[in-house]
Amino acid sequence: MEFISAVYKPTKINEHLAGHVNVVRNTLPEDFQPRVMSKLTGRHVNGEAVSDETFFKMNILNDLSQGKKLYVFIPRKVDNKGIWSVQSFGEYLARQFDWTIGKQIKVYHGDRPQHELKELIDPDSVWASDEVRVVVANTKLTVGVNFSLRNVFDKVYARYEDWVAPRDFFQAIYRIRHPKDNEIVYMSTQGQKNGLTTRLKPIDISEVREMHSAIIKNAQLEMDMNESASSASVFEVFRKMACINIRAGPDYFYDLNPGLKAVEECGALTCLWKNIDEVEEEVLEHHFNTDDDEPSWETWLGIRKFMFKGHYGKYLGEDDMAALWNYRGKDFFDQCSKFYKSDKNHVLHKVIAHNAIKIGEDEDFPVTAHVPEHLRLALSSDFKQVALLKSLNATTIMKMFNVYFGKRVLEQDSNKHRVWIERKPYPNIKWTDEGADLFRLYHLYTTGIEEEKQGKTAFVLELSEEEDEE
């Protein structure tokens, strides 16, 4: 705890260090080579300014496109507004490389399915598979989850956000014990500090009260120090303790291979419909008739667009197909089909009926909507956060909708003030443009299918000119 005292500011925190910790031995092996951390910072490339995040992302994309196996640490587990969370970045890589989360991409945070988290019991046997190309995780992977095999992972990338305790950050980036490249490439962002953290309370049991009081005072001091002191100084002390040498970012800038560069230029988070060229019939025939065909990214996107139009083009127009493609709505359609067909008895239907909610229609979401108490237990099996909430209001329903459909179909309306109901503030909830449009497209698509089923297909005999004359 000595380093805490070095950066501790007693004028801001009225606490005293309790207990004493000595490092009694070093457990690092004799052949241990200190890690090197290189900080990526934005720069000008080909006359254009490149941000830290873009530079960081493009280095990762390039390494993956070169066949390297990576471990990427990102603190946030979910972020609906960008790619910088474990879940969002995993989905982003899946789109870029046409990979699958759970196979080529391993994603670990607190909300992942239990069967995936069980993989952490023995990561050596799971991550060493040639199928796994990248592991993306947050502090869900800290002490006790170690990948100890040598010459498997090529490099470690890490994003540091200064609301994360430096101790957790450095623990997390050491999960890959022996990467081929001893350099850790990282970037950092600044956030707003919250000041002193919530006070911890010792256990009020005589046998452990004194010992537990000392433990939590030390822990509290570390958390307060991280919130009030300079994050740079705290980060620096932990870096030294982790035996990591620091150096300026590399002078190079990875040029993306042409295929990935084309994908990047199609749009921020996906390849836009309008930017994908149609493929020639010969290209399609060659692809479908050749087992070992490896088309370029541009060609593969054109093939996928052709198959997409073949599936949806009979019932949706060009503009609607473009919207569905750009919204990445195919998975949403599948979930809608499940909701309306096989999941007809899902308790979410009862919540909808109770509040007279019209799904996907361009109407204000009922701000007084709530979940009746008798449905709480049934909902808690699918939405674990329900069991922890005191009041189940419109915000709760919004979150359940978004979780079930895997899309941000509902959101809080920042353009309107909260309304007050019985002296309690309720946020205004609205359908997102994307959500309302996706529901509209789904109903338009299914209506076309149903109408075709109900209609009768006439049999037409086509005759050649000679037969017709006869």
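State the number of residues belonging to the range 370-415 that are among the aliphatic types (A, V, I, L, M) and either at pLDDT below 75 or touching a strand residue (DSSP E or B) at 6+ places or on another chain (Cβ under 7 Å) (or both). Give the steps one after another, and end with the answer.
Kept after step one, since they are among the aliphatic types (A, V, I, L, M), are these residues of the range 370-415: 371, 375, 377-379, 386-389, 392, 394, 397-398, 400, 403, 409-410.
Restricting the remaining residues to those that are either at pLDDT below 75 or touching a strand residue (DSSP E or B) at 6+ places or on another chain (Cβ under 7 Å) (or both) gives 386-389, 392, 394, 398, 409-410.
Residues flagged as among the aliphatic types (A, V, I, L, M) and either at pLDDT below 75 or touching a strand residue (DSSP E or B) at 6+ places or on another chain (Cβ under 7 Å) (or both) within the range 370-415 amount to 9.
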Name the pairs whose Cβ atoms lie under 6 Å apart, with the first residue in the range 101-117 and of a type in the set (Phe, Trp, Tyr), the second assigned to a loop (DSSP other than H, G, I, E, B) and open to solvent by 20 Å² or more (accessible area, probe 1.4 Å), and 6 or more positions between them or separate chains?
-> Tyr108/Lys140
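Among the residues of the range 191-205, is there at least one that is under 26 Å from Asn146 (Cα atoms), at pLDDT 65 or above and open to solvent by 30 Å² or more (accessible area, probe 1.4 Å)?
If we filter the range 191-205 for residues that are under 26 Å from Asn146 (Cα atoms), which is where we start, we get none.
Checked against the condition, which is being under 26 Å from Asn146 (Cα atoms), at pLDDT 65 or above and open to solvent by 30 Å² or more (accessible area, probe 1.4 Å), the range 191-205 yields no hits at all.
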Residues in the range 146-185 that are within 29 Å of Glu131 (Cβ to Cβ), open to solvent by 30 Å² or more (accessible area, probe 1.4 Å) and among the basic types (Lys, Arg) total 3
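Would you mention how many residues in the range 151-170 are more than 13 Å from Pro123 (Cα to Cα), not small (Gly, Ala, Ser) and not in a helix (DSSP H, G or I)?
Residues flagged as more than 13 Å from Pro123 (Cα to Cα), not small (Gly, Ala, Ser) and not in a helix (DSSP H, G or I) within the range 151-170 amount to 11.
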The one condition in (1) open to solvent by 20 Å² or more (accessible area, probe 1.4 Å); (2) modelled with pLDDT of 80 or more that Arg43 fails to fulfil | (2)
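Looking at the range 110-126, which of its residues are under 23 Å from Leu149 (Cβ atoms) and open to solvent by less than 50 Å² (accessible area, probe 1.4 Å)? Steps first, answer last, please.
Just the residues of the range 110-126 that are under 23 Å from Leu149 (Cβ atoms), to begin with: 112, 115-126.
Listed by number, the residues that qualify are Arg112, Glu116, Leu117, Glu119, Leu120, Pro123, Asp124, Val126.
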Give the residue, chosen from Val135, Val145, that is part of a loop (DSSP other than H, G, I, E, B) and assigned by the TED database to the domain that holds Phe235.
-> Val145
If you scan the range 252-289, which residues turn out to be part of a helix (DSSP H, G or I), surrounded by 15 or more Cβ atoms within 10 Å (Cβ to Cβ) and at pLDDT 80 or above?
-> Trp273, Val283, Leu284
Gly249 fails exactly one of the following numbered conditions: (1) modelled with pLDDT of 80 or more; (2) in contact with a Leu (Cβ under 8 Å, 6 or more places away or on another chain); (3) of a type outside the set (A, V, I, L, M). What is the number of that condition?
-> (1)
If we only count helices (runs of 4 or more DSSP H) wholly inside the range 290-354, which ones have 2 or more residues that are over 27 Å from the mean Cα position of the chain (by Cα) and either modelled with pLDDT of 85 or more or surrounded by 12 or more Cβ atoms within 10 Å (Cβ to Cβ) (or both)?
-> 297-312, 318-326
State all residues of the range 80-132 that are within 16 Å of the chain's Cα centre (by Cα), among the basic types (Lys, Arg), at pLDDT below 90 and not in a loop (DSSP other than H, G, I, E, B); if no residue qualifies, say none.
-> Arg95
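The values are calculated or read from the model by the stated rules, or taken from the named source; none is laboratory data. The model shown is predicted, which means the values in this text are computed figures rather than measured ones. Heads up, the Cβs are rebuilt from the backbone with ideal geometry, glycines too, and the neighbour counts pull from every protein chain shown. Quick note on the areas: whole protein, heavy atoms, side chains included, nothing else; ligands and nucleic acids left out. Shrake-Rupley method; radii C 1.70, N 1.55, O 1.52, S 1.80 Å.
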